[in-house]
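Novice: Would you mind keeping the following structure in view while I ask a few things?
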């Protein structure tokens with residue numbers, strides 16, 4: 001059959017017979033779970049704001065509280081979620097706790113998320 005004579009049903013059938021990647025893309029369930037946790041960590045405007053603040057380097061929890069205008073308890077809850085997602089790390093110095101991005105991968109993900117989001121506008 002020539003391309004000109006193919007119907008929409010023929011094209012759909014051809015597309016459906018092509019091989020596709022495995023549902024998990026060859027990634028283990030453990031890695032998929034970790035990826036979901038990471039994406040959940042990013043999926044909140046407050047957490048994303050915190051991560052973007054940390055792109056500039058270590059920031060004290062008190063500075064995050066002041067910048068966001070939130071209670072320390074609310075910020076601590078968001079930071080706990082970010083720690084669980086392994087997006088941030090912290091250091092205690094005396095009575096102060098300083099947060100930073102966990103690694104360059106997190107910085108790259110943030111850059112890609114922001115860049116991709118800006119394509120819409």
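Novice: Any residue at all in the stretch 28-47 that's in contact with a strand residue (DSSP E or B) (Cβ under 6 Å, 6 or more places away or on another chain) and within 14 Å of residue 110 (Cβ to Cβ)?
Specialist: Within the stretch 28-47, none of the residues are in contact with a strand residue (DSSP E or B) (Cβ under 6 Å, 6 or more places away or on another chain) and within 14 Å of residue 110 (Cβ to Cβ).
Novice: I'd like to check something: does the stretch 22-29 contain any residue that is surrounded by fewer than 14 Cβ atoms within 10 Å (Cβ to Cβ), within 22 Å of the chain's Cα centre (by Cα) and modelled with pLDDT of 90 or more?
Specialist: For the stretch 22-29, residues surrounded by fewer than 14 Cβ atoms within 10 Å (Cβ to Cβ), within 22 Å of the chain's Cα centre (by Cα) and modelled with pLDDT of 90 or more: present.
Novice: Contact list please: Cβ distance under 9 Å, first residue in the stretch 21-37 and in contact (Cβ under 8 Å) with a residue 12 or more places away in the chain, second residue surrounded by 10 or more Cβ atoms within 10 Å (Cβ to Cβ) and not in a loop (DSSP other than H, G, I, E, B), pairs at least six apart or on different chains.
Specialist: Close Cβ pairs (under 9 Å, with a partner that is surrounded by 10 or more Cβ atoms within 10 Å (Cβ to Cβ) and not in a loop (DSSP other than H, G, I, E, B)) amount to 37/84.
The values are calculated or read from the model by the stated rules, or taken from the named source; none is laboratory data. Just so it is clear, the structure is predicted and the values come from calculations on it, not from any experiment. Cβ sites come from the backbone with ideal geometry, for glycine too, and all protein chains shown count toward neighbours.
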